[in-house]
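These notes are about the structure you will find just below.
The values are calculated or read from the model by the stated rules, or taken from the named source; none is laboratory data. The model shown is predicted, which means the values in this text are computed figures rather than measured ones. No Cβ is skipped: glycine too gets one built from the backbone with ideal geometry, and neighbour counts run over all protein chains shown. In case anyone asks, the SASA skips ligands and DNA or RNA and just uses the protein heavy atoms, side chains included. Shrake-Rupley method; radii C 1.70, N 1.55, O 1.52, S 1.80 Å.
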Amino acid sequence: MHGVKRVQYSQAALEAKKQRDHDKLKAYLALSDDVIARKKSHDMSNEAFELTTRLLRMNPEFYTVWNYRRDMFIESLFPQRSPSEVNELLSDDLSLTFELLKQHPKVYGIWNHRRWCLEHIPDGPSPDDVNGYRNSTWNKELFVVEKMLDADARNFHAWNYRRYILATMPFPPPPKSELAYTTRKIEANFSNFSAWHQRSKVLTTLWETGELDRVKSIEEEFELVRNAMYTDPDDQSVWIYHAWLIGNGNYAARLQFEITSIQELLDEQPDSKWDKKALVDSCLELLAKLRDIDPPRRRRYDEIAEGIRSGNEMQ
């Protein structure tokens, strides 16, 4: 890398490193063989459980070991413990996986195990507060996933997990607060495809529940997208969201306005690929709607659309 001084190692140092790597690999393979042998013999002991912890710290992508660990929870550890103790065990595993995610933020097995832990949080702590453990855990998880997205705002694993948390929380925050969250993430980085995708999900919910006026909010969304277009006209995420907005509008005037707006951007950025594609898509969308509202001329609209497609394919 530029600016980084290259370190020259002595032959002795290289040999020592080679030996350490060899010893680590040897220890890993021995531990792996031990754990797999215990799994085959159906060993559900505490010792076996601790060995899975050691092995997963070394290799969190070892999905078979995650499965073995969950079997031990179900068959051995849970039946011996009270609900409060089960909750504590699962909290410990959530802490373990959080440590692993700091180094391996995109490993499926870690995220899947977190979901499994949440699905097994027991009722409690009392008959009068059956969601107490779950409410506390879910609130922590929402905090954790926000920290993960602060570290990498485009980690789609974290976004998927966030959607899961919000969908299963005993007492979820209002959807408008999630809309505000996506606004912050998008304004921090217009290239955040996952944030745009999350926004589309939240808006759909708000429209269906009547909490937002569909027509008015779409107008506001087009303004947000327009700002993003002019900031980075080559960003694919913005244009995909723009196409989604076009598909959710039901009026030709808006489509015509967007075609004009994109043409203005194209005049300023003649080399941009995505505004050309969006212009073509918008034209085709408008022609499809005109075909529906003006059937006598539908063949003419079909001919124009075919000409646009042919011209676009030739470029």
*Kindly list, by first and then second residue, each pair from a residue in segment 114-141 that is at negative phi to a residue that is of a type in the set (S, T, N, Q), limited to pairs with Cβ atoms under 6 Å and residues at least 6 apart or on different chains.*
Arg114/Thr97; Ile121/Thr137; Pro122/Asn87; Tyr133/Asn87
*asked:* Between a residue in segment 43-56 that is surrounded by 17 or more Cβ atoms within 10 Å (Cβ to Cβ) and any residue that is in a loop (DSSP other than H, G, I, E, B) and hydrophobic (A, V, I, L, M, F, W, C), which pairs come within a Cβ distance under 8 Å, given they are 6 or more apart or on different chains?
replied: Leu55/Phe62; Leu56/Phe62
*Within segment 155-189, which residues are more than 16 Å from the chain's Cα centre (by Cα), farther than 15 Å from Lys140 by Cα and not in a helix (DSSP H, G or I)?*
Pro174
*Here is a list of conditions, (1) surrounded by fewer than 17 Cβ atoms within 10 Å (Cβ to Cβ); (2) within 30 Å of Val65 (Cα to Cα), and Ile110 meets all of them except one; can you say which number that is?*
(1)
*Kindly list, by first and then second residue, each pair from a residue in segment 20-40 that is in contact (Cβ under 8 Å) with a residue 24 or more places away in the chain and closer than 15 Å to Leu56 by Cβ to a residue that is open to solvent by 100 Å² or more (accessible area, probe 1.4 Å) and basic (Lys, Arg), limited to pairs with Cβ atoms under 7 Å and residues at least 6 apart or on different chains.*
Leu31/Arg54
*Could you list, in sequence order, all residues of segment 167-200 that are within 30 Å of Gly132 (Cβ to Cβ) and surrounded by 14 or more Cβ atoms within 10 Å (Cβ to Cβ)?*
Thr168, Met169, Pro170, Pro172, Pro175, Glu178, Leu179, Tyr181, Thr182, Gln198
*asked:* Looking only at residues that are open to solvent by less than 100 Å² (accessible area, probe 1.4 Å) and either in contact with a strand residue (DSSP E or B) (Cβ under 6 Å, 6 or more places away or on another chain) or assigned to a helix (DSSP H, G or I) (or both) in segment 1-16, which one is modelled with the highest pLDDT?
replied: Ala12
_Of the residues Arg134, Arg226, Arg214, only one is among the basic types (Lys, Arg), open to solvent by less than 80 Å² (accessible area, probe 1.4 Å) and at pLDDT below 95; which?_
Arg226
*What is the one condition in (1) hydroxyl-bearing (Ser, Thr, Tyr); (2) in contact with a Gly (Cβ under 7 Å, 6 or more places away or on another chain); (3) crowded, with 16+ Cβ neighbours inside 10 Å that Ser84 does not satisfy?*
(3)
*Specify which of the listed residues (Phe62, Phe98) is under 20 Å from His157 (Cβ atoms), open to solvent by 30 Å² or more (accessible area, probe 1.4 Å) and touching a Ser or Thr at 6+ places or on another chain (Cβ under 9 Å).*
Phe62
